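Chemist: Below you'll find the structure I mean.
The values are calculated or read from the model by the stated rules, or taken from the named source; none is laboratory data. For clarity, every value in this text was computed on a predicted model and none was experimentally measured. Glycine also receives a Cβ, built like all others from the backbone with ideal geometry; neighbour counts cover every protein chain displayed.
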Amino acid sequence: MDSLHTFTALDFETAQGKRHSICQIGLVRVEQNVITQQGAILVRPPDNFYSAQNIAVHGITPEMTRNALTFDQIWPRLKPYICDQNIVAHNSAFDISCLQQTLAYYRINVPGFKSHCTYKIYGQKLNLLCKTYGINLNHHDALSDAIACAKLFILHNRKVAKKEVSGTA
């Protein structure tokens, strides 16, 4: 967890108001400020129950996740990207809460990690930041949101490194 240049950017979409109702995961692995892996996974939330409001936000429906794996079945594939890693999310309070509540729902121990929030760094909504920095965004698609978040954190890392080199840190 030493270098902030190696991290996992995450984004979760939920099926309804309960944060343990993850229905899509976007994960982007960054090593030394280079995106090395990325992927999206549809997840069957508990009881495959969705609220109309959440469907309207992200477009994911119960039909799309009816045959998907549940979070506890996917966790072994995700764990190496989260356990003892730097985790980056936009509005990380939401995404980290989703992760913690979903792990608790499935009675899985929450691993150690260090979270970072691009919303706290930049102080703006993701869609506005993407317009400002020319980052393509299909907002509320978990992979697109995670990629955008990763690119923003890489940009932040470069700005910090530039200040350190110029002695203005």
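Chemist: I'd like the full set of residues that are assigned to a strand (DSSP E or B) and either under 18 Å from Ala104 (Cα atoms) or among the charged types (D, E, K, R) (or both), limited to the stretch 11-46.
Modeler: Keep residues of the stretch 11-46 that are assigned to a strand (DSSP E or B), which gives 11-14, 22-31, 34-42.
The answer is Asp11, Phe12, Glu13, Thr14, Ile22, Cys23, Gln24, Ile25, Arg29, Glu31.
Chemist: Would you tally the residues in the stretch 92-134 being over 24 Å from Leu78 (Cβ atoms) and not in a helix (DSSP H, G or I)?
Modeler: 4
Chemist: Among the listed residues Thr118, Thr70, Thr102, identify the single one that is closer than 17 Å to His20 by Cα, surrounded by 19 or more Cβ atoms within 10 Å (Cβ to Cβ) and modelled with pLDDT of 95 or more.
Modeler: Numbers: Thr118 fails: closer than 17 Å to His20 by Cα; Thr70 fails: surrounded by 19 or more Cβ atoms within 10 Å (Cβ to Cβ).
Within the list Thr118, Thr70, Thr102, the selection yields Thr102.
Chemist: How many residues are surrounded by fewer than 19 Cβ atoms within 10 Å (Cβ to Cβ) and outside any helix (DSSP H, G or I) when one looks only at the stretch 47-67?
Modeler: Summing the residues that are surrounded by fewer than 19 Cβ atoms within 10 Å (Cβ to Cβ) and outside any helix (DSSP H, G or I) in the stretch 47-67 gives 6.
Chemist: Within the set of pairs 6+ apart or on separate chains, which have a first residue in the stretch 119-139 that is under 19 Å from Val160 (Cβ atoms) and touching a residue at least 60 places away in the same chain (Cβ under 8 Å), a second that is polar (S, T, N, Q) and surrounded by 17 or more Cβ atoms within 10 Å (Cβ to Cβ), and C-beta atoms under 7 Å apart?
Modeler: Cβ pairs passing all conditions: none.
Chemist: What residue, of Phe12, Phe49, is among the aromatic types (Phe, Trp, Tyr) and in contact with a strand residue (DSSP E or B) (Cβ under 9 Å, 6 or more places away or on another chain)?
Modeler: After ruling out the rest, the residue left standing is Phe12.
Chemist: Quick one: in the stretch 17-34, of everything that is touching a Ser or Thr at 6+ places or on another chain (Cβ under 9 Å) and of a type in the set (Val, Ile, Thr), which residue is surrounded by the fewest Cβ atoms within 10 Å (Cβ to Cβ)?
Modeler: So the first thing to find is which residues in the stretch 17-34 are touching a Ser or Thr at 6+ places or on another chain (Cβ under 9 Å), and the list is 17, 19-24, 26-33.
Narrowing further to those that are of a type in the set (Val, Ile, Thr): 22, 28, 30.
Details: Ile22: 27, Val28: 26, Val30: 23.
The qualifying residue surrounded by the fewest Cβ atoms within 10 Å (Cβ to Cβ) is Val30.
Chemist: Quick one: which residue in Ala142, Ala89, Ala146 is among the small types (Gly, Ala, Ser) and over 18 Å from His5 (Cβ atoms)?
Modeler: Values: Ala89 fails: over 18 Å from His5 (Cβ atoms); Ala146 fails: over 18 Å from His5 (Cβ atoms).
Going through Ala142, Ala89, Ala146 in turn, just one is among the small types (Gly, Ala, Ser) and over 18 Å from His5 (Cβ atoms): Ala142.
Chemist: Out of Asp95, Asp84, report the one residue that is out of contact with any Cys (no Cβ under 6 Å at 6 or more places or on another chain) and surrounded by fewer than 20 Cβ atoms within 10 Å (Cβ to Cβ). It would help to see each step written out before you state the result.
Modeler: Values: Asp95 fails: surrounded by fewer than 20 Cβ atoms within 10 Å (Cβ to Cβ).
Criteria check complete, one pass: Asp84.
Chemist: With respect to the numbered conditions (1) assigned to a helix (DSSP H, G or I); (2) in contact with a His (Cβ under 6 Å, 6 or more places away or on another chain), which one is the sole condition not fulfilled by Val88?
Modeler: (1)
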